[in-house]
Amino acid sequence: MRIYSDPDTDETVVALRGEIDYGCEETLETSLISALNCSDHGIAIDLSKVSFWACSSVKVLLAVRQLALRHGKTVSLLATSPIAHRVLELTDALQLFTTSTDAASRVPPQSTSPWGPML
């Protein structure tokens, strides 16, 4: 995990890599909340180097998103790997995250689900 500030967007970027599974859930949540608390506007999460993304990690993203919304901040996806994208798509969580303006062309298009958005 790498956390850094993007001087072009004033966002705090959290770049994840490798396998994000159930065993990483607590560390992932703590790190994302810490990055969110240190940011004035929100965080952008880069999932482009994630090789495995457990469904339990979606729960962490949703919890961090709710926290951000309560504090007037954003959680956006800077980029997603095919694996992370598919899990987020299957859980209908992908549509809940905004994409960074500069990276919008790098984020795969969102799909619509016959079941509607998950909360």
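Please treat every number below as a calculation from the coordinates, not as lab data. Being a predicted model, the structure only gives us computed values, none of them experimental. Note that we place each Cβ from the backbone using ideal geometry, even for glycine, and neighbour counts take in every protein chain shown.
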Exercise for the section: Might you report the magnitude of the Cβ-based charge dipole of the stretch 2-106 about its Cα centre, with Lys and Arg at +1 and Asp and Glu at -1, to the nearest 20 debye? Expected result: 140
Fill in the blank from the handout: Most packed first (mean Cβ within 10 Å per residue), the peptides 34-41, 8-15 order as 8-15, 34-41
Problem - Zero-based 10 Å bins, Cα pair distances in the stretch 1-77, whole percents - result: 20, 56, 23, 1
